[in-house]
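Engineer: Just passing along the structure, written as structure tokens.
Throughout, read-outs are computed from the coordinates displayed, never taken from laboratory work. For clarity, every value in this text was computed on a predicted model and none was experimentally measured. Using ideal geometry, Cβ is built from the backbone for each residue, glycine included, and neighbour counts are taken over all protein chains shown.
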């Protein structure tokens, strides 16, 4: 058995190795797959990724990401990239990058995002391919947006894929919902106009403070100074704290209409004066959720099945949390093939 002094020396050695690796990792880059900007408007950019394999002859996929984080988590690094795996399977991938809203965007509302930006980006994709419809892949809040868009414009969506997407915003285990219920959203928006991303990030971290603030640093000591692991750590850290500000009007509507009033589940939601009736979604739906997700609990996502208007619905639960859906090694091996196979059968 080692003495306390020997254990202290060992810990100091680990700290030194980890700090040296972190210093070298301070300038890590994001995104490993080449892409081209094909459309831009205001802060938004629509990217098309360059192919990595022969075409699978399937309709293009447009990824709609959430507003609250940056979409490079979908293409973080070569061994942690859902986008790269899909490209290697011959799929044609587009992605909406919402950019960083500022004070000029404070009055953008959900109608602007859903019936405006998403619609015009999809029009660009359809024009390029001379197709009447394409596949939407919506992620987290972007999945909720994609559900709304598909219900409002069903003729433009061939297939709908949702990942870690909330539908029932008031399940008993929804910690984020409890936080939203406790804040005065109208006062927050009135005070800031554009809601600071740092405020929202602090709320997300507070939901699981030990795992997100302490445990990860303890785990880092066990990397024994590995530069690759230090690079992975820094990429994750930068993504977690890279939280764009939120357009005030859209944030108010999303918080009040979805979290506080649960309108999507109740069938009382309207966007741009049009009712959002999920029964109008009759195209195939693949709903992917994390069984250990603390931000979008499984029940919050699987509530979708009883609301959409088709029988071609598949719920795919993976034994990961919210972030694990993007970076888990098992997900990287299994999920792209599941998506491609599901699309191929349709």
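Engineer: Roughly what % antiparallel, to the nearest 5, for the DSSP beta bridges in region 262-346?
Structural biologist: Values: 2 of 8 bridges.
Within region 262-346, antiparallel bridges account for around 25 percent of the total.
Engineer: Report the antiparallel proportion of the DSSP beta bridges in region 32-157 as a percent, rounded to a multiple of 5. Please list the in-between numbers first.
Structural biologist: Details: 11 of 20 bridges.
Restricted to region 32-157, the bridges split so that about 55 percent are antiparallel.
Engineer: Cα atoms only, region 69-113: Rg and Dmax in Å?
Structural biologist: 14.5, 41
Engineer: Further question: Please give the per residue volume of the convex hull enclosing the alpha carbon atoms of region 306-346, rounded to a whole number of Å³. Present the calculation step by step, with values, prior to reporting the outcome.
Structural biologist: Details: hull volume 3.5 nm³, N = 41.
Enclosed volume per residue, from the Cα hull, is 86 Å³.
Engineer: Would you give the gap between the C-alpha center of region 249-314 and the C-alpha center of region 112-142, rounded to a whole Å?
Structural biologist: Answer, in whole Å: 18.
Engineer: So, R0 is 22 Å and r is the distance between the beta-carbons of residue 179 and residue 319; what FRET efficiency does that work out to, to 0.05?
Structural biologist: Numbers: r = 25 Å, r/R0 = 1.15.
After rounding, the FRET efficiency stands at 0.30.
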